[in-house]
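All remarks here apply to the structure that follows.
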Amino acid sequence: MHPASEALAQMIAALGLEVAAVKAKAGGSRIDLRGGQRVGDVGDSWLYAFPLSEEGRLRDDTPIRLSCSDRDVYGTIVSVRDGVLVVSLQEDLGPSIATARLVTDDSFLVQRLKDRLEAVRDGTARFHLESAERVLDPADVPSNDLEPAPAVLVGDGRLNDEQLSAVRRSLGSQVTYVWGPPGTGKTSTV
């Protein structure tokens, strides 16, 4: 077995153990919601907005289950901003939702990574072999910071210190990874 294939198999197995550990600890949250309003639809999904008294640990792109009226509907958190939670649901629940319970699963990021690596292993997803070998091979990858040209920072100009650091590192390095929970500004940084 090629060393990269063996390392990939070990990573998939380790991620599977991590998902199981998070689920065993009931990692996630349950939040009672009131006063939901349908605010639109996108393709086969319906958007609902709920007022929130506190945002807690809710993150954009988190898969959810919404329980209301003895029915479970699956979806995703679209955004949590300024005391408003917007979710995208797979079913239309009407113009308003009086009460519901939102259930999240904290293992979703690790599960998505595991799924992606399994697709690479199975040949159903493409990847850049040279970059993958840099990740899996313990050899040093040169890394430096370079100051970006002003044109690189064109946009809303509101990158925070960590985001600017990631931009500087990416300009001076062969490989740079930008990782963070949903809603932390990865897309703006990239």
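If you look at the Cα atoms of region 7-72, you get an Rg and a Dmax of 16.5, 49 Å. Applying both filters, DSSP loop and at most 12 other Cβ atoms within 10 Å, to the GluC sites (Glu not before Pro) of region 28-105 gives GLU54. Accessible surface computed residue by residue for region 1-122, with neighbouring protein chains in place and a 1.4 Å probe, gives 58 Å² per residue.
What a 1.4 Å probe finds exposed on region 1-134 is 50% carbon and sulfur by accessible area, rounded to a whole percent. Helix 108-122 axis versus longest C-alpha principal axis of the chain: approximately 50°, rounded to the nearest ten.
A Förster radius of 30 Å combined with the Cβ-Cβ distance from VAL39 to GLU133 puts the calculated FRET efficiency at roughly 0.05.
Rounded to the nearest 10 degrees, the inclination of helix 161-171 to the longest alpha-carbon principal axis of the chain is 40 degrees.
Here is the size of the chain from its Cα atoms: Rg then Dmax, 20.3, 57 Å.
Between ALA20 and ALA151, the modelled label-to-label distance comes to 5.3 nm, taking each label 7 Å out from Cα in the direction of the beta carbon.
The values are calculated or read from the model by the stated rules, or taken from the named source; none is laboratory data. Nothing here was measured: the structure is a model prediction, and the numbers come from that model. Counting neighbours? That spans all protein chains shown, and the Cβs are built from the backbone with ideal geometry, glycine included. Each accessible area value is taken on the protein alone, full model and side chains, heavy atoms only, with ligands, DNA and RNA left out. Shrake-Rupley method; radii C 1.70, N 1.55, O 1.52, S 1.80 Å.
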